[in-house]
Amino acid sequence: MSQYAMVIDLNRCVGCHACALACRAEWHVPVQPGYRRNWVKRMGPEMTPEGMSYTFYPGLCNHCDHPVCVEVCPADPVDKVFKDFRTGKTKKMTVKATYKEPFTGAVLIDKERCIGCGACVEACPYHARYLDETLDEPKADKCTFCYERISRGEIPACVKTCIADARIFGDLYDSNSRVHKLVHGGAKRLQSKVVQIGPNVYWVGKPKDLNLLFKHYAPRERTWETVDNGIEDLGRRGILKAALRKGTRIKVL
Amino acid sequence: MKRREFLKLSTATCMAMAALGTGGKQGLGGGLFSPTMADASTGQLPGSLGAKEVTSVCEMCFWRCPIVAKVKNGKLVKIEGNPKSPVNGTRVCARGNSGVQLLYDPDRVKYPLKRVGARGEGKWAKISWDEALDEIAFNMDKVRKKYGPSSLAYFDHGASAEFLREIFKALGTENYSNEPAFFQCVGPVAVSYMSTMGYIVSGTRQYIDMANAKAILLVGSHIGENVHVSHVREYVEGLAKGAKLVVVDPRFSAPANKADIYLPIRPGTDTALLLTWINYVIEHNLYDKDFVEKNCEGFERLRQSVKKYTLSWAARICDLKVDDMEQAILLLARYRPNLTIHPGRHSAWYGNGDVGRHQALAILGALFGTVGAKGGIIFQTPVVKGHAECLKCEKLPSEEPETSLRDNYPFVEPFPGSPTAAIIKATLTGEPYPIKLWGINGVNILQTIPNPYDTMKAIKKLDFIFCEEMLMGETALWSDIVLPGATYLERYDGVYVYDGITPYLTLRQPVVEPMFEAKPPFWTAKQLAKKLKLKGLSCEKEEDFINEELKEAGLSIASLNKKGGIVTYPGKPYRDKDSLKVPTESGKIQLSVSDFADEDLPPVPEFIPAPAPPEGFARLIYGRAPVHTFSRTMNNLWLHNEWPENHAWVNDEVASKIGLKDGDTVILENQNGYRSLGIKVKVTPGIRPDAIYIDHGFGSRSPFLKRAYKRGASDQFLITHYKNDPFMGASSHRTDFVRIIKDGKTLNIPELVCVPPEIPRFQIEQS
Ligand code: SF4
């Protein structure tokens, strides 16, 4: 069993935004509003019960244990055989256009099969996805934990550029990994009473900074429950949305 | 048809249309699926993987981090840190990452331009390089003959400006060299450490050892908001290893958030606090007596003159609590000598007293014995490189002017160049001699130098003004001829050596061919030298002088590249306090600088209060957005997107008293009635009620910078009153005040903290 995870150390982070820019550069993320795989949001200076805080929310997809974005994907499931890039082991799974990769736990998107309906974008309570409408065929996009890179022995682009070494990446189930140690040492993930879907990005920091992070960015809406992915109803959201674009597929119909 | 079936059909159609086998085949046939397929259309690896790599040196700011540029199909796709670099490794900051978008910025100067409208109007004709250079050479020669060599002035900054500086020097003017960097920025700190320690502990670089410090003091330094990768890394490393942090700042900055003790000081009173601490340290025997006896001169003089600065006095002046100030100095004292008293960097704040403030920091560092100690002030380790003879340019026989613009400033020696303010004044008034031609390279003079309105007036008086620019910023807008400069990604520069804690030698080299008609500055300078019939700049191409410079280090471009573009050397940063010798005349640290006394300047720092805001105004303070450099990155596609505009930080109590809400758009008006462009308000308890903060560099006035134009407010266009430092002539930047205009209504800033009688109030001149 393994699950890749990231811990972000707010005590080290200086809020320089290098991570967000390295990601944009690596993956050619367009600059339309809301388009990003990786972000830094600034909070404060603001009073907290633990004192004044001026801190940052360096965020990315949480590659959740129970990815609600995957649940709502309306694409037809197909069988696929996955391969562990470390051991060479294979595994066959039935997956939709977005799925949780079995050997790393990374939540990925099969761009060939994504129909660009945007259901997953709406479902994510962390707003970690965006729909890339600059493409002729719009597709959902988000952080992949740099699967393309890690599977070739590289590290994620944001980790590689982090000037403060504030981002720690590794396998949560490897008890020798720093990620494992930090998570078992009390690193916090962004959850709330109502949203608990097993995110795999964690933060460590002073109580005042975590206080601000949770106050402003812990998800409090079960966003996925209101997503209508149109599976049972032709005339609804997905189609309408698609029809609004210049997509030729609709005209074929 | 059910949605489900529609999807099936549409997915299939889509696949058929795209003629892609991967998803479909694997899905249907159960073949091996890899989410990391190479790009189907090009067969290339995803992202920056598999790119050709060229090592070089970043110039998104002046810090010069070693980089690796990644090129695919002749296109730059990514920039990372050079893994062999001992200072940044694979890392670059947000700006370093965004160099790609400087190279490909659509608003670059693409070919030589000649002004056809009025100056500043922005009407251009495209001309050839030959015409442009002819015109520049003709005017340089003409102005020089008519008004003398000193009538030529050159505003330069950075590596790209160095070659052209040779031309100005050869023509016989001393009005050149790093005007903005020195006279708007590091002048005071450089002079104070030069005089106290004998070397420039803080200029471009800071020779300090934060990574090994057990405590760090920052006075107005915003590490993390101003981002220089190795500097940040050393600071973070120190903190991670447990260093205590004391931050003195009127604003709750990013480092204030990490501080153990934060002192929200009244702006303009830092020296009062520092002198009080010095007195406290002496009185309570907290200083390193042995170190001072062995290595310092002037202790008694210092002791006598700081006696008057008591904690209770400072509490009133600085608007701080006695207890907090005392706790802070006790905390710092506990960790001597492994202590970083950060020297600061940008120090042209108030004109009067700036040298004294940094002198006080230097003294505090010396009293704690931090000089040469782990965690303290470190020594430079010279790195060998040659000086290429073929870069020199023979100076034409020139008469020295009777009065030099440097005359009024006794400590501008040994620094080159003339104070910017004096150049602008001479241009405006013709006194002490006329200045009639400006050349500009690497600096946006209107967004860098106080009172841009005067600068524009001065430009109108010139016979000729030209610049070499990459982007069509304000400088280009106001020039007669604009030369398209090559970016750092398209050119060589001289060999770069770093003499800090981990010394190295590296080289900037072109990653791609120059775009459009851009040319490297070496080529430009060489052509100009020819046209002006100057003797020198004789090397044919950059590689020649670089190889000459490298020879002395036993290297060549080829061998350096084989080694990964960088060579490192062992550093010798520390000294034993028993064998310490600083490079002053006597080899001792000057706690009292007699040279200053010789010029009727205080040998030991004194507190000179900066006038308090006039009624209804708050002091304008400024700093850095971490993703921007000066005013030069605001048009960068990615950086603009990340941080498109600045905000005016207004204290929450002040805001509620005058009815301001977070996010309101307002105009800032300074004490002379100059108004900013619209800017959004950030309401926060993290700033004092007597100050308003904005990030530097926004509010571009050049319509040719399509993204940056009119986004946010420019601090520089609100700085119309300034004073010149009596030591070296730097221009002050924190001597202006603003109030707020919202919906056409003027909102005076209520005075929530009272001003003690020792601090005079700024008098607004009625004109
Ligand atoms: S600090 Fe950033 S912009 Fe400056 S040289 Fe280094 S990477 Fe480049």
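Ranking request for peptides B:655-661, A:151-157: highest mean number of other beta-carbon atoms within 10 Å first, then the rest in descending order. Don't jump to the answer; show the numbers that get you there.
Numbers: B:655-661: 14.7, A:151-157: 17.9.
So the peptides B:655-661, A:151-157, ranked by packing, come out A:151-157, B:655-661.
Would you list which aspartates and glutamates come within 16 Å of B:Lys461, measuring only between C-alpha atoms, while excluding same-chain residues fewer than 8 positions from it?
Partners within reach: B:Glu121, B:Glu431, B:Asp480.
Percent antiparallel among DSSP beta bridges with both residues in chain B, to the nearest 5?
Bridges in chain B are about 50 percent antiparallel.
Determine the distance separating the Cα centre of the range B:532-587 from the Cα centre of the range B:607-658; give it in Å without decimals.
The two parts, judged by their Cα centres, are 39 Å apart.
Go through A:Tyr173, B:Tyr569 and list them by solvent-accessible area, largest first, probe radius 1.4 Å.
Accessible-area ranking of A:Tyr173, B:Tyr569, largest first: A:Tyr173, B:Tyr569.
Once you put a point 7 Å from the Cα of B:Lys661 and another 7 Å from the Cα of B:Ala240, both along the Cβ direction, what distance in nm separates them?
For B:Lys661 paired with B:Ala240, the spin-label model returns 4.3 nm.
Just to verify a number: FRET efficiency for B:Lys146 and B:Trp523, C-beta to C-beta distance, R0 = 22 Å, to 0.05? Intermediate values should be presented prior to the final figure.
Working: r = 28 Å, r/R0 = 1.29.
E between B:Lys146 and B:Trp523, to the nearest 0.05, is 0.20.
Could you size up the charge dipole of the range B:320-374 around its Cα centre, putting +1 on the beta carbon of Lys and Arg and -1 on that of Asp and Glu, and report it in debye to the nearest 20? List each step's numbers first, then the result.
On the way: 6 positive and 4 negative charges, 48 e Å.
Taking the Cα centre of the range B:320-374 as origin, the dipole is about 220 debye.
Mind scanning A:Lys100/B:Lys78; A:Lys89/A:Lys111; B:Lys392/B:Lys535; B:Lys52/B:Lys563; A:Lys208/B:Lys258 and naming the pairs with a C-alpha gap bigger than 18 Å?
The answer is A:Lys100/B:Lys78; A:Lys89/A:Lys111.
What does the buried accessible surface come to for B and A, summed over both chains, with the probe at 1.4 Å? Round to 100 Å².
Using a 1.4 Å probe, the pair buries roughly 5900 Å².
Specify whether the C-alpha gyration tensor of chain B places it in the rounded, prolate or oblate class, a ≥ b ≥ c being the square roots of the eigenvalues: rounded for a/c under 1.5, otherwise prolate if a/b is larger than b/c and oblate if not.
Taking the square roots of the gyration eigenvalues as a ≥ b ≥ c, chain B is rounded.
How about the range A:19-109: which trypsin sites (Lys or Arg not before Pro) there are in a DSSP loop, with at most 13 other Cβ atoms within 10 Å of their Cβ?
For trypsin sites (Lys or Arg not before Pro) across the range A:19-109 that sit outside H, G, I, E and B with at most 13 neighbouring Cβ atoms in 10 Å, the list reads A:Arg86, A:Lys89.
Nearest-5 percent of antiparallel DSSP beta bridges in the protein assembly as shown?
Working: 72 of 119 bridges.
Of the beta bridges lying entirely in the protein assembly as shown, close to 60 percent run antiparallel.
Taking a quarter of the surface of the convex hull around the Cα atoms of the range B:618-747, what do you get in nm²?
8.5
Other chains' Cβ within 10 Å of A:87-99 residues: what's the mean?
Mean inter-chain Cβ contacts per residue within 10 Å come to 1.
Looking at the range B:86-106, which residues lose a minimum of 30 Å² of accessible area between their chain alone and all protein chains in place, measuring with a 1.4 Å probe and not counting ligands or nucleic acids?
The answer is B:Thr90, B:Arg91, B:Ala94, B:Asn97 - residues whose exposure falls by at least 30 Å² when every protein chain is included.
How far, in degrees from 0 to 90, does helix A:207-217 lean away from the longest principal axis of the Cα atoms of chain A, to the nearest 10?
Long axis of A:207-217 versus the principal axis of chain A: about 20 degrees.
Per residue of B:641-650, what is the mean number of Cβ atoms on other protein chains within 10 angstrom of that residue's Cβ?
Taking all residues of B:641-650 together, the mean is 2.
Let me cross-check B:Ser559: its accessible surface, 1.4 Å probe, with only protein heavy atoms counted, in Å² to the nearest 10?
For B:Ser559, the solvent-accessible surface is approximately 40 Å².
Treating the beta-carbon of each Lys and Arg as +1 and of each Asp and Glu as -1, no other charges, what is the dipole magnitude of the range B:618-747 about its Cα centre, to the nearest 20 debye?
The calculated dipole for the range B:618-747 is roughly 300 debye.
Explain nothing, just the number: dipole magnitude of the range B:138-235 about its Cα centre with +1 on each Lys and Arg Cβ and -1 on each Asp and Glu Cβ, in debye rounded to the nearest 20. Can you show the working numbers first?
Details: 9 positive and 9 negative charges, 61 e Å.
So the dipole magnitude of the range B:138-235 works out to roughly 300 debye.
For the charge dipole of the range B:423-557, defined by +1 on Lys and Arg C-beta atoms and -1 on Asp and Glu C-beta atoms about the Cα centroid, which residue among B:Pro450, B:Leu437, B:Leu505 has the Cα displaced farthest towards the positive pole?
B:Leu437
Considering every residue in A:144-153, what mean count of other chain Cβ atoms within 10 Å of its Cβ is obtained?
That average works out to 4.
Once ligands and nucleic acids are excluded and a 1.4 Å probe is used, how much of B:His387 is accessible, expressed in Å² to the nearest 10?
Estimated to the nearest 10 Å², B:His387 gives 140 Å².
On the protein heavy atoms, probe 1.4 angstrom, tell me the percent of accessible surface of the protein assembly as shown carried by carbon and sulfur.
Working: 19040 of 37090 Å².
In the protein assembly as shown, the share of accessible area belonging to carbon and sulfur is 51 percent.
Rank by packing, highest mean first: peptides B:673-686, A:61-74, with packing defined as the count of other Cβ atoms within 10 Å averaged across residues. Can you show the working numbers first?
Details: B:673-686: 18.6, A:61-74: 21.9.
Peptide ranking by packing, descending: A:61-74, B:673-686.
Short version: which residues of the range A:20-63 lose at least 30 Å² of accessible area, all chains versus chain alone, 1.4 Å probe?
Flagged in the range A:20-63: A:Leu21, A:Arg24, A:Ala25, A:Glu26, A:His28, A:Val31, A:Arg42, A:Pro45, A:Met52, A:Tyr54.
State the answer as a single residue: which of B:Ala373, B:Ala170, B:Ser56 lies farthest towards the positive end of the charge dipole of chain B, with beta carbon charges of +1 for Lys and Arg and -1 for Asp and Glu, about the Cα centre.
Farthest towards the positive pole: B:Ser56.
Of B:Lys657/B:Lys706; B:Lys145/B:Lys457; B:Lys244/B:Lys577; B:Lys70/B:Lys123, which sit over 30 Å apart, Cα to Cα? Before the final figure, lay out each step's value.
Values: B:Lys657/B:Lys706 37 Å; B:Lys145/B:Lys457 24 Å; B:Lys244/B:Lys577 23 Å; B:Lys70/B:Lys123 37 Å.
Checking Cα-Cα distances, B:Lys657/B:Lys706; B:Lys70/B:Lys123 exceed 30 Å.
Between B:Ser556 and B:Asp134, what is the FRET efficiency for a Förster distance of 30 Å, r being their Cβ-Cβ separation, to the nearest 0.05?
Between B:Ser556 and B:Asp134 the formula returns 0.25.
Identify, among B:Cys754, B:Ile741, B:Tyr709, the residue whose Cα sits farthest towards the positive end of the charge dipole of the range B:669-767, taking +1 on the Cβ of Lys and Arg and -1 on the Cβ of Asp and Glu, with the dipole about the Cα centre.
B:Tyr709
Order the following by accessible area, largest value first: A:Asp136, A:Asp228. Probe radius 1.4 Å; ligands, DNA and RNA are ignored.
A:Asp136, A:Asp228
Please work out how much accessible surface B:Val383 shows to a 1.4 Å probe, ignoring ligands, DNA and RNA, in Å² rounded to 10.
Surface accessible to solvent at B:Val383 totals approximately 20 Å².
Starting from the residue with the highest accessible area, list B:Glu166, B:Glu399, B:Glu606, B:Glu758 in decreasing order, probe 1.4 Å.
On the way: B:Glu166 50, B:Glu399 155, B:Glu606 95, B:Glu758 70 Å².
I get B:Glu399, B:Glu606, B:Glu758, B:Glu166, largest accessible area first.
Please report, in cubic angstrom per residue, the volume enclosed by the convex hull of the alpha-carbon atoms of the protein assembly as shown.
Value for the protein assembly as shown: 181 Å³ per residue.
Would you list, by chain and number, the aspartates and glutamates whose Cα falls below 12 Å from the Cα of A:Lys41, excluding same-chain residues fewer than 8 positions away?
B:Glu642
How much accessible area per residue does the protein assembly as shown have, in Å², with a 1.4 Å probe?
The answer is 36 Å² per residue.
The values are calculated or read from the model by the stated rules, or taken from the named source; none is laboratory data. From a predicted model like this one, the values you see are computed outputs, not experimental measurements. Here the Cβ is made from the backbone with ideal geometry for all residues, glycine too, and neighbour counts use every protein chain on show. For accessibility, only protein heavy atoms count, side chains too; no ligands or nucleic acids. Shrake-Rupley method; radii C 1.70, N 1.55, O 1.52, S 1.80 Å.
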